[in-house]
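Where a number appears in this text, it was derived from the coordinates with a stated rule and is not lab data. Computed from a prediction, not measured in an experiment: that's the story for all the values here. All Cβ positions, glycine included, derive from the backbone under ideal geometry; neighbour counts span all protein chains shown.
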Amino acid sequence: MISVKISEEKINPTNSYGEVTDPGVGGTVQFVGTVRNQTKGKKVLRLEFEAYESMAIKEMNKIAETIVAQWSATHVSIHHRVGTLEIKDIAVIISVATPHRKVAFEACQYAINTLKERVPIWKKEIFEDGEVWVAAHP
Amino acid sequence: MISVKISEEKINPTNSYGEVTDPGVGGTVQFVGTVRNQTKGKKVLRLEFEAYESMAIKEMNKIAETIVAQWSATHVSIHHRVGTLEIKDIAVIISVATPHRKVAFEACQYAINTLKERVPIWKKEIFEDGEVWVAAHP
Amino acid sequence: MKIRLRAFGIAKDILKSGVVELDEDQIQTTGDVKSYLSKAYPEFDDLLTFSLAVRDEYQEDDYMLAENDEVIVIPPVSGG
Amino acid sequence: MKIRLRAFGIAKDILKSGVVELDEDQIQTTGDVKSYLSKAYPEFDDLLTFSLAVRDEYQEDDYMLAENDEVIVIPPVSGG
């Protein structure tokens, strides 16, 4: 089962886990990405996430489908928040449930790496003295 | 910060995540081990977990300390349930928060592998027609 | 050719709008759109990279555009 | 030497008790305890492996026991 979602609602690890578990699953690996309070020592006030939603959902589905096909994952959930996020808010949760735990680690790591490379979502860090689109410039 | 616990209480991913996150942490990897409904095709009714508690806590602390030392993890939480667990109950949750996500995957995988090798906890599977201490025999 | 640009993130700031309508004879491919953007908005060349998508898929530079296509301008992504 | 065995999991089933008091002249090391267990309870040899711990640490076979030590009998663990 694949669950892919982008929303402004808060997300939490227990809900994400609930989406991938079933009585036949023995091991689940989750990645949780959190809004940090600083970037290179500079205090971040909050973040704004923006998505090109239809394509982001499509790319997230590709990641989930690859995981099911290549790592025999039983269930995959990828949820990303958009809108204004405060420090310590969760931006993304990826959960991968597989029959064998080793591949769950590999698959979950593949998912977050590929999401950060390809999925059209952008974050802007808001500082006291300005704002910056993360990773835009070399 | 290290949190290591063995208890009969239910455990959940959000609480475990809450123990390792702080405003400076960007990425958390969690492993959740769940009670499965079958072993080699045979229906499991429930499980009973038993621990040699003082030594299990000591071994779990060693794992957490190794992760902090070798992978520069910021926070580690390892909680294991004991007593009678029903199908779909969570038996163990390990959460590792690090500044860089790659090492969080490695460290979390090291933690569950080492826990399964060294920590004195035993599980008995209860079937309709008997019970078996898991992994006791070749 | 008539196309519509739709921009996100810093690309929207550079274009000063999320949507820009273009009608440029020299634009036939996504590669032509990239050249046009670099010339018309030099700030695009300061970016680490930027990509174009059509119909919700990343497209290489040789992708042939059709009249009234919507071209998505994708600056470096930073989700997660 | 007088020692006390404390057993968990299947080891408790084999010993038919969680705690067994021993007073055996030939027991000086953890290795001696292993030999004693294999002889007195042949089911230990059917296990995949079994280890001994003293003072909450796994001990090799040459660990010298002291009078009244508590020796933990650890069959293959299966947590997680």
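Okay, here's what the table says:
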| read-out | value |
| --- | --- |
| Peptide B:130-136, shielding by other chains (average Cβ, 10 Å cutoff) | 6 |
| About the Cα centre, charge dipole magnitude for region B:1-40 (Lys/Arg +1, Asp/Glu -1 at Cβ), debye | 300 |
| Proximal lysines relative to A:Lys5, as straight alpha-carbon distance under 18 Å, when same-chain residues fewer than 8 apart are discounted | A:Lys58, A:Lys62, A:Lys116, A:Lys123 |
| Percent of alpha-carbon pairs separated by more than 14 Å within region D:2-74 | 54 |
| Inter-copy separations for A:Lys88, label at 7 Å along Cα-Cβ, nm, ascending | 3.1 |
| Average other protein chain Cβ within 10 Å of Cβ, residues B:19-26 | 5 |
| Chain C, helix-only ellipticity at 222 nm - DSSP H runs n ≥ 4, -39,500 (n - 2.57), divided by all residues, nearest 500 | -6500 deg cm²/dmol |
| Ranked list, fewest to most other Cβ atoms within 10 Å of each Cβ, for A:Met1, A:Met55 | A:Met1, A:Met55 |
| Helical contribution to [θ] at 222 nm, DSSP H n ≥ 4, -39,500 (n - 2.57), averaged over chain A, rounded to 500 | -10500 deg cm²/dmol |
| C-alpha long axis of helix C:30-40 to longest principal axis of chain C, angle in ° | 60 |
| Rounded to the nearest 20 debye, dipole of the protein assembly as shown from Cβ charges on Lys, Arg, Asp, Glu | 420 |
| Inter-label distance, nm, simple model (7 Å from Cα along the C-beta direction), D:Arg55/D:Lys16 | 3.4 |
| Pseudo-label separations to other copies for B:Lys5 - Cα-to-Cβ vector, 7 Å, nm | 2.6 |
| Loop-resident sites, region C:4-54, for GluC sites (Glu not before Pro), counting at most 13 other Cβ within 10 Å (DSSP) | C:Glu24 |
| Selection of trypsin sites (Lys or Arg not before Pro), region C:1-43, meeting DSSP coil and at most 16 other Cβ within 10 Å | C:Lys16 |
| Innermost chain D residue relative to the axis carrying D onto C, by Cβ distance in angstrom | D:Gly80, 14 |
| Solution diffusion estimate, µm²/s, Stokes-Einstein, region A:2-127, Kirkwood Rh from C-alpha pairs, 4 °C, viscosity 1.567 mPa s | 88 |
| Globularity ratio of the protein assembly as shown, using Cα Rg and 2.2 N^0.38 Å | 1.25 |
| Amide hydrogen neighbours beyond the local backbone of A:Ala91, cut-off 5 Å, H modeled | A:Gly33, A:Thr34, A:Val35 |
| In Hz, Karplus ³J(HN,Hα) per residue of region B:36-48 (6.51, -1.76, 1.60; θ = phi - 60°; x = Gly, Pro) | 8, 8, 7, 10, 6, x, 9, 5, 9, 7, 6, 10, 10 |
| Modelled FRET efficiency - R0 25 Å, C:Leu48 with A:Asn113, Cβ distances, 0.05 increments | 0.90 |
| Neighbourhood charge, 15 Å Cβ-Cβ cut-off, centred on A:Ala73 and excluding it, Lys, Arg +1 and Asp, Glu -1 | -1 |
| Partner chain coverage, peptide B:92-104 - average Cβ within 10 angstrom | 2 |
| Excluding exposed DSSP-loop GluC sites (Glu not before Pro) (at most 15 other C-beta within 10 Å), longest clean stretch of chain A | A:10-127 |
| 5 angstrom amide H check on D:Ser51, placed H, neighbours 5+ away | D:Ile74 |
